[in-house]
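Undergrad: Questions regarding the structure given below will be posed in turn.
The values are calculated or read from the model by the stated rules, or taken from the named source; none is laboratory data. Keep in mind that this is a model prediction, so the values were computed, not measured. All Cβ positions, glycine included, derive from the backbone under ideal geometry; neighbour counts span all protein chains shown.
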Amino acid sequence: MSTPAPRRETIHDDFLREEHPPIVPDDAPYEHGFSVKTVWAALFVGLIMLPGSIYLELVTGKSFAGAAEWVTIIMFIEISKRLFVRLKPQETIILYWLAGGLSASGGPFATMIWNQYLIQSPQADGLAQYIPGWVVPPRGAVALIDRTFLSPDWVRPVGLALVAAVLGLVSTLSIGYVLFRVTADVERLPFPMAPVQASGATALAESSSGTETWRWRVFTVGSMVGMAWGMIYVVVPTISGIILTKTQEIVPIPFADFTPRVRSVLPASPIGLGTDLASLLAGFVLPFWIVVGTFISSMLVTFIANPLLYHAGILHSWTPGMSTIPTDINNKVDFWLSFSSIGTSLVIGVIGLVSAVRALTAGRSGQSGNRLAPREPPPGRGDIRLPLPLGLWTLSTLCYIYLVYLLVPDFPWWLSALFGFLWTPFFSYIGARMVGITGSPYGSSFPYAREGSFYLSGYKGAAIWFAPVPMNDYSATVATFRQLELTKTKFGSLVRLSVLSLVLMVVFSFLFYSLIWKLAPIPSAAYPYVQKMWPLQATMQTLWVKSTIPGGANVLGQIIRWEYLGAGVATAAALYGVLTLLHAPSLLFYGLIGGIGAWPHYTILTFTGAMLGRYYFARRYGHRTWMGYAPVLLAGYGCGLGLIGMAAVSLVLIAKSTSQILF
């Protein structure tokens, strides 16, 4: 009898060898998380937090995203305690996503506020007459002069936005569910960042019943760390801007920039150090070899590749004195955009497709006799047969294509079909796979593909740039489904949550943007962030839009260099082959590819956290124990930082409102 050949290590075997304590007991049943409490929480977030988030975004460029989730959960937990009601983990995770979704986005009317500025901006001179009426009322319209949405000129833009929002919701849930089934059930990817929010929600749910387990204690420690650092990182700069003439910072935000100081030693290399402890704590959670690979390639690019490319004349746009951001922008345009952002992502996509086909083939033939074999959906999870979501996604995509054809009949319909049925699922799958492996969708995009396609299509005009072309990335949805699974929440709860959020977002977005727009023009001195940043964004957008009207410039030829793109494909393929022959941890490959475009500002901190977690905390507390502590600690830090940030912003809003009173 022959001895069977040893099974070859897959890309996530090294991660799955580590035993992770279950967040909810394996034998616990799946339950619904959507309830009457969810509706009350939605009204609270929409009425109380959304206007503050919109105002903060216009004034400072920041929102309540990251804080609203935990504030909402904690408030409802305290109410539940006093009513002797217990919040289940399933309810807390739904509250988390509800608050995050409502507070992180301004809704469809946020886009309309931007469009009203764009058509009236100096950057749109020579372009405004090409922008159709279904995007925004024309220049000089009464609706724009009076700053109101209650005008017949807004009927078509609002109607189109609502249709696009409904189609987007259907597409997100349907294709997101299919991608989750492939990455989680077929490929059995680990989703390393999913336990963060799930563990935090579970810890808070436990506290509502008076049962303070280790999760609650670790979560509290993380919250105290977040609040302490938030006093330095958030409160001091925020409050000092009220009581002093100039904002004061104890530490630079968001990073200390050393690029201009090392220009003679390391030309064309962004050098700095991040100041947010979240990057350090993320190293506790992310797969070790992902972090190591990211750190190695980031250091190689920063200290070796960039200076060599500069001296070779390839990074020719960089000039001494540039800080991190302009250095990074110029380096990407000159070389790294074609090499890494486009070239290496193609290799990752091919590897992902081959791995998925192998996993599916092995599952059907019964050749996978190990724990990584495709699994059947757990009973009670709320799964449906795949033809239904695939059919819904197909229908919504066809509606997108027909809608674009109606709005822009001169644009080739087959390009819309190509984007909808090939491009979107392909790159959504790449992103979903990267989320499942690394916790982040980096390396899954194809920059400027949309712009390049419009430019090369031969279309003349501006309408296509504002049309709802079905070119989207739905990869982020898989992490939501994974967190629902970890907390034993039925998937149907997400559908109900999404519908409720969409309805409330449309209503509250219209209400609060109307009020804020009436207070002062947007942008204006009343909203300093957008007054400073929107002209730059308008310049970049109109640069592309003007390229398809008579006299447009050849923007595409200035950005994408095919020889660099080919070099990126060859390098990534060769690296994958070498690591496979050496039997190196395959997660190292994804880290090396992802680190090419990563700043050392953050990779240094994350690498430090990974080394501390693996060689200090894991040895001190035990590997299994530490693997349970780490995600809860990171979730607690986010909660603490968010709470202290909310308090600081509240003081700012009070001060701003009282300072406007005229005596």
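Undergrad: Among the residues of the stretch 399-425, what is the count of those that are out of contact with any helix residue (DSSP H, G or I) (no Cβ under 8 Å at 6 or more places or on another chain), at pLDDT 90 or above and more than 26 Å from Val350 (Cα to Cα)?
TA: Looking only at that region, the number is 3.
Undergrad: Please go through the stretch 559-581 and pick out each residue that is outside any helix (DSSP H, G or I) and more than 27 Å from the chain's Cα centre (by Cα).
TA: Answer for the stretch 559-581, where residues must be outside any helix (DSSP H, G or I) and more than 27 Å from the chain's Cα centre (by Cα): just Arg561.
Residue-by-condition table, conditions (1) surrounded by fewer than 17 Cβ atoms within 10 Å (Cβ to Cβ); (2) of a type in the set (D, E, K, R); (3) at pLDDT 85 or above:
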| site | (1), (2), (3) |
| --- | --- |
| Phe295 | no, no, yes |
| Ser298 | no, no, yes |
| Ala305 | no, no, yes |
| Gly313 | yes, no, yes |
| Met322 | no, no, yes |
| Phe339 | no, no, yes |
| Val350 | yes, no, no |
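Undergrad: What single numbered condition from (1) farther than 27 Å from Tyr233 by Cα; (2) assigned to a helix (DSSP H, G or I); (3) at pLDDT 85 or above fails to hold for Thr606?
TA: Unmet condition: (1).
Undergrad: Which residues, counting only those in the stretch 396-418, are without any contact (Cβ under 8 Å) to a residue 12 or more places away in the chain and surrounded by fewer than 14 Cβ atoms within 10 Å (Cβ to Cβ)?
TA: Within the stretch 396-418, Tyr402, Leu406, Pro409, Trp414 meet the criteria.
Undergrad: A follow-up question, please. Residues that are closer than 29 Å to Tyr233 by Cα and either touching an Asp or Glu at 6+ places or on another chain (Cβ under 6 Å) or not charged (D, E, K, R) (or both): list the helices (runs of 4 or more DSSP H) wholly contained in the stretch 260-317 that include at least 1 such residues.
TA: The qualifying helices (runs of 4 or more DSSP H) are 277-285, 288-300.
Undergrad: For the structure I just gave you, tell me whether His583 is surrounded by fewer than 16 Cβ atoms within 10 Å (Cβ to Cβ) and modelled with pLDDT under 90.
TA: yes
Undergrad: Looking at (1) buried (at least 22 other Cβ atoms within 10 Å of the Cβ); (2) closer than 22 Å to Gln531 by Cα; (3) among the hydroxyl-bearing types (Ser, Thr, Tyr), find the lone condition where Thr92 falls short.
TA: (2)
Undergrad: Answer yes or no: is there a residue in the stretch 473-493 that is assigned to a loop (DSSP other than H, G, I, E, B), under 19 Å from the mean Cα position of the chain (by Cα) and within 20 Å of Thr542 (Cβ to Cβ).
TA: Taking every residue of the stretch 473-493 in turn, none turns out to be assigned to a loop (DSSP other than H, G, I, E, B), under 19 Å from the mean Cα position of the chain (by Cα) and within 20 Å of Thr542 (Cβ to Cβ).
Undergrad: Out of the residues in the stretch 107-161 that are aromatic (Phe, Trp, Tyr) and part of a helix (DSSP H, G or I), state the one that is surrounded by the most Cβ atoms within 10 Å (Cβ to Cβ).
TA: Among those that are aromatic (Phe, Trp, Tyr) and part of a helix (DSSP H, G or I), it is Phe109.
Undergrad: Report whether or not Leu169 is part of a helix (DSSP H, G or I), at pLDDT 90 or above and among the aliphatic types (A, V, I, L, M).
TA: When the stated conditions are applied, Leu169 passes them.
Undergrad: While we're looking at this one, here's another question. Val236 - would you say it is modelled with pLDDT of 70 or more and closer than 30 Å to Ser323 by Cα?
TA: yes
Undergrad: Among (1) surrounded by fewer than 18 Cβ atoms within 10 Å (Cβ to Cβ); (2) at pLDDT 70 or above; (3) among the hydrophobic types (A, V, I, L, M, F, W, C), where does Leu87 come up short?
TA: (1)
Undergrad: If I go through the stretch 446-472 residue by residue, how many of them are among the polar types (S, T, N, Q) and under 20 Å from the mean Cα position of the chain (by Cα)?
TA: Within the stretch 446-472, residues that are among the polar types (S, T, N, Q) and under 20 Å from the mean Cα position of the chain (by Cα) number 1.
Undergrad: Let me ask another. Which of the numbered conditions does Arg561 fail, given that it passes all the others? Conditions: (1) surrounded by 14 or more Cβ atoms within 10 Å (Cβ to Cβ); (2) at pLDDT below 75.
TA: (2)
Undergrad: Between residues in the stretch 520-540 that are at pLDDT below 70 and residues that are surrounded by 15 or more Cβ atoms within 10 Å (Cβ to Cβ) and not β-branched (Val, Ile, Thr), which pairs lie under 6 Å by C-beta distance while being six or more apart or on different chains?
TA: Close Cβ pairs (under 6 Å, with a partner that is surrounded by 15 or more Cβ atoms within 10 Å (Cβ to Cβ) and not β-branched (Val, Ile, Thr)) do not exist here.
Undergrad: If you scan the stretch 593-647, which residues turn out to be within 30 Å of Ile73 (Cα to Cα) and charged (D, E, K, R)?
TA: Correct list: Arg624 only.
Undergrad: Could you please give the count of residues in the stretch 542-558 that are modelled with pLDDT of 70 or more, surrounded by fewer than 16 Cβ atoms within 10 Å (Cβ to Cβ) and in a helix (DSSP H, G or I)?
TA: 1
Undergrad: Look through the stretch 486-516, keep the residues that are modelled with pLDDT under 85 and farther than 28 Å from Arg385 by Cβ, and return whichever of them is surrounded by the most Cβ atoms within 10 Å (Cβ to Cβ).
TA: Phe512
Undergrad: What are the pairs with Cβ atoms under 8 angstrom where one residue, in the stretch 232-244, is of a type in the set (Gly, Ala, Ser) and the other, located anywhere, is crowded, with 18+ Cβ neighbours inside 10 Å? Sequence gap at least six, or different chains.
TA: From the stretch 232-244, the pairs are Gly241/Val652.
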